[in-house]
Structure formats: structure tokens, C-alpha cells
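J.: Let me give you the structure first, and then I'll get to my questions.
The values are calculated or read from the model by the stated rules, or taken from the named source; none is laboratory data. Only a predicted model underlies this, so the values are computations on that prediction, with no experimental measurement involved. Cβ placement follows ideal geometry from the backbone for every residue including glycine, while neighbour counts extend to all protein chains displayed. Keep in mind that these areas ignore ligands, DNA and RNA; they rest on the heavy atoms of the full protein, side chains included. Shrake-Rupley method; radii C 1.70, N 1.55, O 1.52, S 1.80 Å.
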Amino acid sequence: MSSRPPSKPPPRPQGPSIPTSSELEVDDPTVLMALCGPRNERLKVLERETRVDVSARGHRIFLHGDAADVALAERFLAQAAKLLEQGVHVETADIARAITLFRSEPDVRLRDMFDDVVTVGAGRRPVNPRGLAQKRYVESIRTHDLTFGIGPAGTGKTYLAMACAVAALLGRRVKRIVLTRPAVEAGEKLGFLPGDLAEKVNPYLRPLYDALNDMMDFDKAEGLITRGQIEVAPLAFMRGRTLNDSFVILDEAQNTTSEQMRMFLTRLGYNSKAVVTGDVTQVDLPEGRSSGLAEARELLCDVEGIGFCAFSDIDVVRHPLVQKIILRYEARDARRRGESP
């Protein structure tokens, strides 16, 4: 996982720099405004990511810099303009992801980041994967009975899994959704929680409810929960069960023990799918206990039929500050391990 801040692109390869200039004419003022962003903020991001001088005058965007970098910026602008003309929304955060993708995979198209959709029912906006990592994750969920999504917070691991689960339930490909996570405190001692069993475990399961309520109306979700078609429960409740015709999501799996992970993975029954999500850098287990997610990744990485999808800081789709925060903590962790950040 890279620890490079987005404001510091990787150094150019050694060799002579060949300065060049180019311009892109955009006739549609709506597309031009979307490319530039408010106060040209998107052009500034493109300038920072590609190391190219970018400016706009009239209906033209002007580029000046190293020939290879100019070609990279021009490629992004031309492809982004086509997507915008077709009604595809390209956000500011997509620029850094796209440039990183273009540098690592020269043959990929910008459209490849956006040409997938998860339909979650009538009256709800479809969920679009943002970036190639999210697209591959959704594809893995569709094609594998067991998928692991591992990476930092804010990369859409749980949200996309929930969207796929809701789509499968509404499409009658499964009979129920089972959402679970280990009830481990994130560094805080919550003490005795009053109330019945549901009230005691709900604080741990709140993030799953939040994602679910984004996918469907509250009343509909409550009705499905009441009828048992959607079950939200702590991981301990999975012991001894066989989950047939189900879409099962294990969230915050980095906080499972080895025994809990083994127990969960052996619950999968016929015509079922399971998605396991977590971030192995945020383990809240007591000192001396190893993460079941980290162990499963080592043990099962080459098992046919299991998909492993890795996310990095560039895939963060929350507030832009989240990506910067992740990078700083990764750099600190690398220093503690004696590695070069």
C-alpha cells in the first residue's frame, strides 16, 4: 500500500525532459465547467497530479510541461469530457484515482472506472463503483461465493457489499441477508449496557444499519428485518448455524480471532454468498491476539473460488481529508517498523 501523499506525485523516470504544449477545445459550456470545477479547482488537482501547467481561457484548456505528463493530462481531459457528455458524473476525487491508474495501467480507459452499476431497487439511485478497485470488487462479489475486501476505511468495502446484497435479495437470487460483525470495542470501555439483547448489541451494528438504510426506505428495511429476510446480529450468534440461500456480510473482520473467522467461514451453505470486509491496520483485539482476517488472507489467498480484493489510500471515497489522514498514519506505522515511508 502506497504511503505517497497525493500532493507529491512519484518522481519522473531518469532521462531528458521534453517540454511541450497542447490545448483541448470544449464546445459544451456545461462539460467545460465540470472539467474545470468551481474556481478551476479540478484543473488545480490535475496540475498537481500530472506536474503540468494547466489553465483555461474561453472554450480551451491549455497544457504545458513535460511531453509525457502533458499526454497524460490530455488523455484524462479528453476521456473525462466524453464521459461528461454522456451524463457520467466525474468527481474531483476521481482525478487522482484516474491519474494513478493511467500511470500503472497504460491501456486502461477512464470509462473502465465508471461502467458498472448496482441496482438496489425502484426509487433508489443505483450505486456506482468509483474507480477500478471498487469495480473489480463488485465483479468479484458477483463471480465468487466468498470475497474478501481488505483495505483502509472509506474505500466503500461495506457499502458496496451491502448494495450487492440488497440487489440479490430484491432480485430473488437469495432469500435473506445476514449482516454481522464482532462486538469488539474500538479502544473504549463501554461498560454495562442496559436494555434487552437487541439494545445491547445495536451500538456495534449501527454502521450496518446505516448502510442498509441508504439502500432502501426505513419502513421497508424494518419490515424485512421483522420478517427475518434481513438479519443483523453479532458474530457470536453465527455459531452452530448453516446459512443457505443467504447473502452474508462480515464487517470489521480484522477484529475476529482465528477461531471466530474459522467458525464464520464454515457457516456458508448452499446457494449462498459471503463477503468479508476489514482493515488489518485497525485491529482492536486485546494485545497478544492475532487477527483472524490477517490469518485468513495468508491461508486462503490461493484457494480457487475465493476472491481477494485489496484497496489502498487512493480508493478512499470519503472526505478528501480521510485520504491524507490515512497516509500520515501509514507513514508513522512504517517508521515504527523501521521501513522507509
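J.: Output the residues belonging to segment 175-232 that are of a type in the set (A, V, I, L, M), part of a helix (DSSP H, G or I) and at pLDDT below 75.
T.: LEU197, ALA198, VAL201, LEU205 - these are the residues of segment 175-232 that are of a type in the set (A, V, I, L, M), part of a helix (DSSP H, G or I) and at pLDDT below 75.
J.: Still on this structure, I have one more. Looking at segment 239-250, can you tell me whether even one residue there is modelled with pLDDT under 90, in contact with a Leu (Cβ under 6 Å, 6 or more places away or on another chain) and not basic (Lys, Arg)?
T.: No, there is no match, as no residue in segment 239-250 is modelled with pLDDT under 90, in contact with a Leu (Cβ under 6 Å, 6 or more places away or on another chain) and not basic (Lys, Arg).
J.: Continuing with the same structure: Name the residue, out of THR256, THR266, that is within 16 Å of ALA183 (Cβ to Cβ) and of a type outside the set (Phe, Trp, Tyr).
T.: THR256
J.: Is it the case that GLN260 is free of Cβ contacts under 8 Å to residues at least 60 places away in the same chain and either closer than 23 Å to SER291 by Cα or charged (D, E, K, R) (or both)?
T.: Against the criterion (free of Cβ contacts under 8 Å to residues at least 60 places away in the same chain and either closer than 23 Å to SER291 by Cα or charged (D, E, K, R) (or both)), GLN260 does not qualify.
J.: Here is a follow-up. Can you spot a residue in segment 225-241 that is free of Cβ contacts under 8 Å to residues at least 12 places away in the same chain, of a type outside the set (Lys, Arg) and open to solvent by less than 60 Å² (accessible area, probe 1.4 Å)?
T.: Yes, that holds for at least one residue.
J.: Here's a follow-up. With part of a loop (DSSP other than H, G, I, E, B), modelled with pLDDT of 90 or more and out of contact with any Gly (no Cβ under 8 Å at 6 or more places or on another chain) as the only criterion, which of ARG136, ARG172, ARG142 stands out?
T.: Step by step, each of ARG136, ARG172, ARG142 is checked, and only ARG172 is part of a loop (DSSP other than H, G, I, E, B), modelled with pLDDT of 90 or more and out of contact with any Gly (no Cβ under 8 Å at 6 or more places or on another chain).
J.: Can I ask one more? Is it fair to say ASN213 is loosely packed, with under 15 Cβ neighbours inside 10 Å, in contact (Cβ under 8 Å) with a residue 60 or more places away in the chain and not hydrophobic (A, V, I, L, M, F, W, C)?
T.: Considered against the rule, which asks whether it is loosely packed, with under 15 Cβ neighbours inside 10 Å, in contact (Cβ under 8 Å) with a residue 60 or more places away in the chain and not hydrophobic (A, V, I, L, M, F, W, C), ASN213 comes out as no.
J.: Please indicate, with yes or no, whether at least one residue in segment 148-158 is open to solvent by less than 10 Å² (accessible area, probe 1.4 Å) and not in a loop (DSSP other than H, G, I, E, B).
T.: yes
J.: Do you know which residues across segment 83-104 are within 19 Å of the chain's Cα centre (by Cα), charged (D, E, K, R) and surrounded by fewer than 20 Cβ atoms within 10 Å (Cβ to Cβ)?
T.: Correct list: GLU91 only.
J.: For segment 293-306, which residues satisfy the criterion of being more than 21 Å from the chain's Cα centre (by Cα) and either under 20 Å from ILE249 (Cβ atoms) or open to solvent by less than 30 Å² (accessible area, probe 1.4 Å) (or both)?
T.: Passing the criteria: GLU295, LEU300, VAL303, GLY305.
J.: From the list ASP279, ASP245, pick out the single residue that is of a type in the set (Asp, Glu), open to solvent by less than 60 Å² (accessible area, probe 1.4 Å) and closer than 25 Å to GLY154 by Cβ.
T.: The unique qualifying residue is ASP279.
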